[in-house]
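First up is the structure itself, then whatever we jot down about it.
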Amino acid sequence: MEDANFIIRFLNWLMSFDRKVLILAASAIGAGLAMIAGIGPGIGQGYAAGKGAEAVGMNPKAGKQATMVMLLGAAVAETSGILALVVALILLFGNPIITQEGAVLVLAASAIGAGISMITGVGPGIGQGYAAGKGAEAAARRPQYQSNIIRAMLLGQAVAQSTGIYALIIALVLMFANPLIKLM
Amino acid sequence: MEPITGKALILACSAIGAGLAMIAGIGPGIGQGFAAGKGAESVGRQPEAQGDIVRTMLLGCAVAESTGIYGLVIALILLFANPLVRLL
Amino acid sequence: MEPITGKALILACSAIGAGLAMIAGIGPGIGQGFAAGKGAESVGRQPEAQGDIVRTMLLGCAVAESTGIYGLVIALILLFANPLVRLL
Amino acid sequence: MEPITGKALILACSAIGAGLAMIAGIGPGIGQGFAAGKGAESVGRQPEAQGDIVRTMLLGCAVAESTGIYGLVIALILLFANPLVRLL
Amino acid sequence: MEPITGKALILACSAIGAGLAMIAGIGPGIGQGFAAGKGAESVGRQPEAQGDIVRTMLLGCAVAESTGIYGLVIALILLFANPLVRLL
Amino acid sequence: MEPITGKALILACSAIGAGLAMIAGIGPGIGQGFAAGKGAESVGRQPEAQGDIVRTMLLGCAVAESTGIYGLVIALILLFANPLVRLL
Amino acid sequence: MEPITGKALILACSAIGAGLAMIAGIGPGIGQGFAAGKGAESVGRQPEAQGDIVRTMLLGCAVAESTGIYGLVIALILLFANPLVRLL
Amino acid sequence: MEPITGKALILACSAIGAGLAMIAGIGPGIGQGFAAGKGAESVGRQPEAQGDIVRTMLLGCAVAESTGIYGLVIALILLFANPLVRLL
Amino acid sequence: MEPITGKALILACSAIGAGLAMIAGIGPGIGQGFAAGKGAESVGRQPEAQGDIVRTMLLGCAVAESTGIYGLVIALILLFANPLVRLL
Amino acid sequence: MEPITGKALILACSAIGAGLAMIAGIGPGIGQGFAAGKGAESVGRQPEAQGDIVRTMLLGCAVAESTGIYGLVIALILLFANPLVRLL
Ligand code: NA
Ligand code: NA
Ligand code: NA
Ligand code: NA
Ligand code: NA
Ligand code: NA
Ligand code: NA
Ligand code: NA
Ligand code: NA
Ligand code: NA
């Protein structure tokens, strides 16, 4: 008997696929979603690049120092992009979800949820990049206080990373230690 | 074919809801990074005020963290103490 | 086999709604972080006005927190006191 | 066995609609945080004008809050006084 | 057993549409908050021009509110005077 | 029992389309708020040029409103003069 | 009983596509508002150059409008001259 | 009774794809508006360099337009010369 | 009657994927517009360095265009040389 | 009649995943454009340091490109070397 209810019909259509298929299909979308995090480092490091260029022009004598501070800050700002890439690569090449027991719908949705969670990396990426740019500028202005500047920059960048770490933890929980399937 | 239960649908959507809740973390990430940049700039300008600058920066960052924590808490509730399946 | 009921659908969508509501937290995170940065900068420039600066910063941050709280409240209502399933 | 009814679908989508409406809160959060930062900066520069600065900041923040309140009101209507199920 | 009718689908999607429309409120929230910050800063710098500054700020904020109101109006139409179910 | 017809599906999606179109309003809200802040700042600095400043601000804001109006018009067409159901 | 045809599905998705296309309007709204603010500021500073300033501002705003118009045109095509249903 | 064919599904999703592609227009709108504001400001400061300023502004804006055009082209291809239905 | 085949589903989703890929264009649009504004400003200030300024601006803009091109290339591959249907 | 196979569903979702991954390109576009603008400005101010400025700008831009490349790589893997269908 065909159910007249389109929601039930759609869900039954989904369930007509092999459980592996549903998880892998969802993982493709999850991987794509995770990559969106890359917006953050792109903006942030670009800001740092601009500020670094300006700083080098302002005080060419401290150019090397300013560039080093910029690169150090930009390296920190890359974190969220790398974390997102790793999550995407795990979903594509070492999918831990397909071997798990439990309701397939929950497992498939967890792959998408993990990808969405990684998008959070946009924030730390932008913020840490901004700090890198300001750090480079400050280092060019007052090269003699470079260590103070770098310490303040790194401290602030560490604080700015926290929500990205939270998101990573949620994504890893969804991928490796899914508590939802235990609730079934 | 494995049948879909109501419970499975709720838990599936909870996984997506948890992911969405984490997106709030974009805000503190941007904001605290701005603070970090301004802090570094200010420390370079007035090294003698470094203590005050960093303390103010960290105080402001603590405040800015809150909504990111809210998102985390909602995600943890959805994942570990899902109250929705109990309402079923 | 327990089929999907209307109640289950509402609760499932409530999980997504709760997650969406938390996204509001992006705003206070950015805004308060900006305030933190400006506060740190100002304290560095006028250390003698630190009290006034920090108080104004925190007052403004309290105001900026509100919409993040609204989002949290709506999420908590959806999760713990779901009024929609009662309308069924 | 109670299948998914039209009423249930409306209520389920209302949960998502309520969550979406809260996203408006990003705006006031960013804007008021900017005001907080500028207010703190100004108070540091002109402590003698603190009263005027804070009053103007709060007046502007009150105006900036409105669309966040609109979102909250629409969400509360969807959750507690859902007019759509009455149209069914 | 009452299946999902076309009317129910329209009303369900109207709930989502109303939520989406409210997202417009991000704009005025950010913009007016910026105006609040600039207004506070200016009042601190030129207290003697406070009247002109605040008036210009409020005039600009009134203009900036419009698209938030448009979103609210569309949401209210979808919720309380849904014209789509009449087209069915 | 009246099932979901093609017309109902189009009208349901029109509700979502109308909501999406309103999101355009974020832009004018931010932009005009920026103009309001800059206008207030300029009026404070050059009160003697208030007329010119406010006129330029309003002229620019009128230009910035257009895409918000486009979104509103598309939403109103979808809701009140839906041309898609006529193509069916 | 008239089921959902392919034509109806295309038209339904066209409503969503039209709504999405309007979101482009965020850009010109922000950009032109920025121009309005900068124009107002400049007119206050150099009232004698008002003609040149406003002309440059409007020229730039005309350029910035284009992608908003593109979005509007695509939406109008989807609503009033839908080429997709002819490909069926 | 004509059911939904694969061709219809492709064309329906093409409508959504076309709408999504237009969202790219946010970028040039913001960017060119920024250029308009900076151009107006500069013309006010150095009226004697108006020619150079406006030419540089327009050159940069032409470059900034490209991705908006890319989006438009993809949308037009999806709507008027859909290559996907030919692959079926 | 030709039902929806796997190939049709892939092609339909490719249309959406192509649209999504174009959204990348927001970035170069904003960035290059910023460069246009800064370039125009700088040319106004140092007309004698116009060559260097414009060359640097265009060099930077070329770099900034790349991710917009990536998006376009992926969209064109999905539309004209779809490798996914060949994997079927 | 060939029904939709599991492979087809995975490939269809891969098309959407590829499109989503390209959205990362927004970031480098904005950031590198900012760098272009700042570079042009700095070259105008210190033409004698042009070499250093442009080198730093390009170095920073190379760093900023990475996440756009990551997105492209994931998209290309999904399209041309889909590892998911091999797991089937
Ligand atoms: Na943090
Ligand atoms: Na907070
Ligand atoms: Na608030
Ligand atoms: Na408001
Ligand atoms: Na307005
Ligand atoms: Na406009
Ligand atoms: Na344009
Ligand atoms: Na371009
Ligand atoms: Na690039
Ligand atoms: Na990077």
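The values are calculated or read from the model by the stated rules, or taken from the named source; none is laboratory data. Predicted model only: the values in this text are computed from it and were never measured. Please note: Cβ atoms are built from the backbone with ideal geometry, for glycine as well, and neighbour counts cover all protein chains shown. The protein model used for the area step is the full one, side chains on, heavy atoms only, and it has no ligands, DNA or RNA in it. Shrake-Rupley method; radii C 1.70, N 1.55, O 1.52, S 1.80 Å.
Going by Cα centres, region F:30-85 and region E:13-88 are how many Å apart?
Cα centroid to Cα centroid, the span is 11 Å.
Can you bin every Cα-Cα distance in region A:14-78 into 10 Å intervals starting at zero and give me the percent of pairs per bin, rounded to whole numbers?
20, 29, 17, 14, 12, 7, 2
What are the lysines whose alpha-carbon lies under 24 Å from the alpha-carbon of F:K7, with same-chain residues fewer than 8 places away excluded?
Candidates past the 8-residue exclusion: D:K7, E:K7, G:K7, H:K7.
How many Cβ atoms of partner chains, on average, are near each residue of A:139-151 if near means within 10 Å of its Cβ? Can you show the working numbers first?
On the way: counts 3, 1, 3, 6, 1, 2, 7, 1, 0, 7, 9, 3, 5.
If you average over the peptide's residues, the count of other-chain Cβ atoms is 4.
Of the heavy-atom accessible surface of chain A (probe 1.4 angstrom), what whole percent is carbon and sulfur?
Numbers: 3850 of 5680 Å².
Here carbon and sulfur together make up 68 percent of the probe-accessible area.
When the accessible area of chain I is computed with all protein chains present and a 1.4 Å probe, what percentage of it is carbon and sulfur?
Values: 1640 of 2460 Å².
Carbon plus sulfur share of accessible area: 67 percent.
Quick one: angle between helix J:50-80 and the longest Cα principal axis of chain J, in degrees between 0 and 90, rounded to 10, please.
The two axes meet at around 0 degrees.
Just to be sure I understand the model, the point goes 7 Å from the Cα along the line to the Cβ. What's the resulting I:L88 to A:E101 distance in nm?
3.7 nm
Computed from the mean reciprocal separation of all distinct C-alpha pairs, what Kirkwood hydrodynamic radius does chain B have, in Å? Don't jump to the answer; show the numbers that get you there.
Values: mean 1/r = 0.0642 Å⁻¹.
Computed over chain B, the radius equals 15.6 Å.
Averaged across the residues of A:92-102, what count of C-beta atoms belonging to other chains lies within 10 Å of each residue's C-beta?
Working: counts 10, 5, 2, 3, 0, 0, 3, 0, 0, 0, 2.
Neighbouring Cβ atoms belonging to other protein chains average 2 per residue here.
With contacts defined as alpha carbon pairs under 8 Å and 6 or more residues apart, what's the relative contact order of chain A in percent?
Details: 308 pairs, mean separation 61.6, N = 184.
The normalised contact order for chain A reaches 33 percent.
Of the residues J:A36, J:A49, J:A62, which exhibits the maximal mean-square fluctuation in a Gaussian network model of chain J defined by a 10 Å Cα contact cut-off?
In the Gaussian network model the winner is J:A49.
So what is the accessible area of region B:26-87 per residue, in Å², with the probe set to 1.4 Å? Walk me through the numbers before you get to the answer.
Numbers: 1750 Å² over 62 residues.
Using a 1.4 Å probe on heavy atoms only, each residue of region B:26-87 averages 28 Å².
Provide a whole-number value for the mean count of partner chain Cβ atoms within 10 Å of the Cβ atoms in peptide A:60-69. Please list the in-between numbers first.
Details: counts 6, 0, 0, 5, 2, 0, 2, 5, 0, 1.
Mean shielding count: 2.
Hey, any idea what the orientation-averaged projected area of the convex hull of region F:1-50's Cα atoms comes to, in nm²?
With every direction weighted equally, the projected area is 5.0 nm².
To the nearest 10 degrees, how steep is helix D:6-22 against the longest Cα principal axis of chain D, on a 0 to 90 scale?
Between helix and principal axis, roughly 10 degrees.
If you average the sequence gap of Cα pairs under 8 Å that are 6 or more apart and divide by the length of chain I, what percent do you get for the contact order? Present the calculation step by step, with values, prior to reporting the outcome.
On the way: 56 pairs, mean separation 42.7, N = 88.
Averaging sequence separation for qualifying contacts and normalising by length gives 49 percent for chain I.
Give the Rg (one decimal place) followed by the Dmax (whole number) of the protein assembly as shown, computed from C-alpha coordinates and expressed in Å.
Every Cα atom of the protein assembly as shown included, Rg and Dmax give 26.5, 82 Å.
At a probe of 1.4 Å, how much accessible area disappears from chains G and F on forming the pair, both sides counted, to the nearest 100 Å²?
3900 Å²
Given 10 Å bins starting at zero, what is the percent of C-alpha pairs of chain A in each, up to the one with the largest pair distance?
For chain A, the binned pair fractions read 11, 29, 23, 17, 11, 6, 2, 0, 0 percent.
Based on DSSP H assignment, which helices of chain A show an axial Cα extent of at least 30 Å together with a mean Kyte-Doolittle hydropathy greater than or equal to -0.5? Don't skip to the end; give the middle numbers.
Working: long enough: A:63-93 (42 Å, 1.79); A:146-176 (42 Å, 1.37).
Once both thresholds are applied, what remains is A:63-93, A:146-176.
Would you please give the FRET efficiency between D:F80 and A:F93, computed as 1/(1 + (r/R0)^6) with r the Cβ-Cβ distance and R0 = 41 Å, to the nearest 0.05? Spell out each step's value before the answer.
On the way: r = 48 Å, r/R0 = 1.16.
Step by step, r from the Cβ atoms, then E = 0.30.
Can you list the GluC sites (Glu not before Pro) in chain I that are in a DSSP coil and have 13 or fewer other beta carbons within 10 angstrom? Numbers along the way, then the final one.
Working: sites: I:E41, I:E48, I:E65; in loops: none.
Answer in residue order: no site qualifies.
Counting each DSSP H run of 4 or more residues in chain G as -39500 (n - 2.57), what helix-only mean residue ellipticity at 222 nm follows after dividing by all residues, to the nearest 500 deg cm²/dmol? Display every interim value, and only then the final one.
Numbers: 4 runs with 72 residues, N = 88.
Estimated from H runs of four or more residues: -27500 deg cm²/dmol.
Be a star and scan region I:6-40 for residues whose amide nitrogen sits under 19 Å from the point 7 Å along the Cα-to-Cβ vector of H:V73.
Residues I:15-30, I:32-33 fall inside that zone.
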